[in-house]
Structures are given as structure tokens and as C-alpha cells.
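Single-structure report; data block below.
The values are calculated or read from the model by the stated rules, or taken from the named source; none is laboratory data. Being a predicted model, the structure only gives us computed values, none of them experimental. Quick reminder, even Gly has a Cβ in these numbers, built from the backbone with ideal geometry, and neighbours come from all protein chains shown.
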Amino acid sequence: MRKDLRLVAPIIIWSLLFAGSSAFAAVKAGSKCVKAGATSISGGKKFTCVKSGTKLVWNKGVAIKATVTPTPTAKPTSASLPQSPEIEKLDSLVSSAFKDAKPAKVTIDLQIGPGKEVAILGEIARESLDSALLVAGILGIEFSKPIKAYVGTRDWLTPKMPAGTWCTDPVMGVPGYGSGGFCGLESGVIFISIDGYLEGGGSNSKRDFSKNPDKILVSFGFVHEMVHWMQGEATVKFANMKGFYNSYWLNEGGANFAAMMGQAYIYKLPFSKIRTYIATYGACIFSSDSLKLTDYIRNTGQKNNCGAYYSGYLWSEYLVATTGDIGSLVNLAKQQTKVDSEVVWDPNKPEEFEQKRLAVSLKYQYGIEFEAFVRGAELYGKNASEKLGIWFKANPEYWPRNP
């Protein structure tokens, strides 16, 4: 039985800040949240969504203690990079893909609001388009409609947001703390809000968007949102469905992976260098939380931003390296016919359905057994995170020079 997924998941740009950053604009104690028991890591604290009267709000948070200890056999110099057979393979795959890549064709309506700083963000978005369209070409994506990309202040953006989408949400969307996002395939809108960046940076709110790290933050985020558009196109094209076909961890982790590819192209650096910027997600690297792939099959209220965005990114690395196919970021949707014939949708067991769909898709698309993949991906993620933690401590300054 086919399920027409209509996921309108809040997709906010993953912030590449120094240690202690979160996947969204910084969570604040007392601010609104959406699911009791949900957790989020921000500013070196772990916040929990609790009920206060009739409302759901974030509690005061608990400080996270760093637990990673470098081992004698893995002391990097300031110039060394985390390595593994998988990373070596990723370097080769990404390099080869860009050599033969042809950009996807699409009409883009890029509108930039007033203001000097907004103009800088608009130029970053403009410069990032080439890399995003090359990524689309690599993934075999064709855009079904023109892209409307808006860059501006909250007040300028708000009336331009499509009604009925998460982008109009007063908490997570443009009127709230959203710094950027994809409003859905039907609307055809992507936005960047300078207010979301300035208000969500905490002590880093004094930004200089003409230089890194702030410049790469915006560029990475813009390509990330463009990849969400590509994921939506793949779902329609391959599975004849709306929404996102892939599991939650692969939606967000895969968008991060493809955005890393875009930055590798922009800065003319090996993928193995660019992917170390995930080390800025410091609170997740040094968190003692045990993150499991199967906990992030569905988007059920952002349990933990480290799961879908950070660990999901590492699990996506493992998927691409294991399959030898960058297209695995979107190609699982090609197996929807098999899913329809083998998996029955039960509204009372949505997690079970999503897990079975992932298992069937992996099996028929790449001959991968689900349980083996889960074990391998989680082990890879754990080892990769430990290496990133060691490297991060030895490399406090690592941003590329502006292109």
C-alpha cells in the first residue's frame, strides 16, 4: 500500500560555528518547543522539552562535559587530517564526480532585500549557485519549476513566504528564529534570513559575512537547502510521491554531505579537508549521548540535533563509501515499487514502516542487508567522531581562506 508522505519538516540551516553550536539557531531556556521529552544540544548544554502549564518549553539545560581523550596512537599534528579507508574513497568519488559534472538547468529568481549586510549574503548565495547546480547534475536531478530564492531581513521576507508552509511558523520559520530553509517543492521557495543568523549566534552574533567562518556558514547552509529541493524532486521522480522519501537522518545528513561537496568545489579543496568542518559541531563530538541510526528514521520533533545532522552526516558518509555511489543520497527512492509490494503501511506503527522501507530500499538498490548496515554505520560514526574530536583539539584554526 502506497503512503503519500506529506512531510513538512522544519528544515533550518545547520550552523557551522565553533564548539558548542547547534543545528538550529541557539535554543533558549523558556522558548517554545514542539514535543515533550525532546532534547537539543546548544551552547554546551543539553536542553529538554518540558511541559510548563499548558505550554511546551525548553528547560534550563544541563552542561555537557567533554569526554573524548586522545589516544597515544592517534595524536595528529596541526596539519594532519582524520583518515580511514572510507574517507579515502570519498575523496576519490567526489573528485571524480566534479571532473565529469554538468550543472542542472533551472531558472532562478534570486531576490535580495535592502541593506549592506544583506547584499553580502545575497552575493554569497549567488556564488554558491554554481556548486549547487553541479551537485544536482551529479545526482541526476532535474528541477521541475523555477527556484525563488529570497535573501533579506525578517520583516522583508515575511510577506514573501508561502502561506501554509513551515516557513511562516512564528517560532521556527521566518517570523521566528529561522536563519534559512526550503519551504517545499510546491511553493518553490528558499530563503536566507540575516536576522536568524545574527540572533542565533549567541556570543558569535557579531559576524563578518565577508570572511570565514561566517561566509562559509551561509554558503554551506544555502547549498544544504538547495539539496532539500533536490531530495523533493527525487521523491516525485522516482517514487511518484510528495515529501521526502529518505529517512530523517539521510535527509539532513545527506544534505550536509552534498553541501560539503559544494564547499569542496568552491574552495578547490579535497573532500577530506572540507568534511572536517563538521568538527565545529563541538557539542556533538564531545557529547556522551549514545546516538542510534534507528532513532532518527522519522522526524518526530527534533529529538536531538546531533542525531540527524551530525551522526546522520557520518552515517551518510558511510552509505556513500559503502555503495561507492554519491547518488545513494537520493537513489533509494527508486525502490518504491518494491516497498509497495512488501511493506504495508500501518498508521499506528509509522517508525516500523519507515524502518522497513529503508531496509527494502537498501536491499534492492544496493544489495545491503539492513542490520549489517546499521551496525557498520554506527561503528563508523563512533570512530569517525572520535578522530574528529582529536583533530579538533589540535586544530583550533582551520577555516579556508576566502575564494
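Miscellaneous remarks
- For residue 342, the stated conditions do not hold, so it cannot be described as at negative phi, modelled with pLDDT of 95 or more and buried (at least 22 other Cβ atoms within 10 Å of the Cβ).
- Within region 119-150, being of a type in the set (Val, Ile, Thr) and either farther than 21 Å from residue 334 by Cα or surrounded by fewer than 18 Cβ atoms within 10 Å (Cβ to Cβ) (or both) holds for 120, 124, 147.
- Hits in region 240-263 (condition: out of contact with any His (no Cβ under 6 Å at 6 or more places or on another chain), crowded, with 23+ Cβ neighbours inside 10 Å and among the aliphatic types (A, V, I, L, M)): 250, 258, 260, 261
- Flag if residue 105 is of a type outside the set (Asp, Glu), part of a loop (DSSP other than H, G, I, E, B), without any contact (Cβ under 8 Å) to a residue 40 or more places away in the chain and out of contact with any Phe, Trp or Tyr (no Cβ under 7 Å at 6 or more places or on another chain): yes
- All told, residue 314 meets the bar of being within 15 Å of the chain's Cα centre (by Cα) and farther than 18 Å from residue 229 by Cα.
- Residue count for region 363-386 under the criterion of being over 23 Å from residue 334 (Cα atoms), in contact (Cβ under 8 Å) with a residue 40 or more places away in the chain and not small (Gly, Ala, Ser): the result is 4.
- Residue that is surrounded by the fewest Cβ atoms within 10 Å (Cβ to Cβ), among those in region 393-403 that are closer than 30 Å to residue 127 by Cβ and more than 20 Å from the chain's Cα centre (by Cα): 397
- Unmet criterion (only one of (1) in contact with a helix residue (DSSP H, G or I) (Cβ under 7 Å, 6 or more places away or on another chain); (2) modelled with pLDDT under 90; (3) of a type outside the set (S, T, N, Q)) for residue 301: (1)
- Of the helices (runs of 4 or more DSSP H) lying entirely inside region 146-257, those carrying at least 1 residues that are under 17 Å from the mean Cα position of the chain (by Cα) and within 28 Å of residue 321 (Cβ to Cβ) are 214-239.
- When residues of region 357-392 are limited to those that are among the basic types (Lys, Arg) and surrounded by 18 or more Cβ atoms within 10 Å (Cβ to Cβ), the one modelled with the highest pLDDT: 357
- Residue match in region 244-251 (condition: at pLDDT below 95 and of a type in the set (A, V, I, L, M)): no
- Qualifying residue in region 199-215 (condition: in contact (Cβ under 8 Å) with a residue 24 or more places away in the chain and acidic (Asp, Glu)): yes
- Where a residue in region 269-283 is touching a residue at least 12 places away in the same chain (Cβ under 8 Å) and in a loop (DSSP other than H, G, I, E, B) and its partner, wherever it lies, is of a type in the set (Ser, Thr, Tyr) and surrounded by fewer than 22 Cβ atoms within 10 Å (Cβ to Cβ), with Cβ under 9 Å and at least six apart: 270/95
- Checked against (1) free of Cβ contacts under 8 Å to residues at least 40 places away in the same chain; (2) farther than 16 Å from residue 192 by Cβ, residue 167 meets all criteria but (2).
- Matching entry among 337, 322 (being crowded, with 19+ Cβ neighbours inside 10 Å and more than 19 Å from the chain's Cα centre (by Cα)): 322
- Qualifying residue in region 76-95 (condition: within 28 Å of residue 243 (Cβ to Cβ), small (Gly, Ala, Ser), within 23 Å of the chain's Cα centre (by Cα) and at pLDDT 70 or above): no
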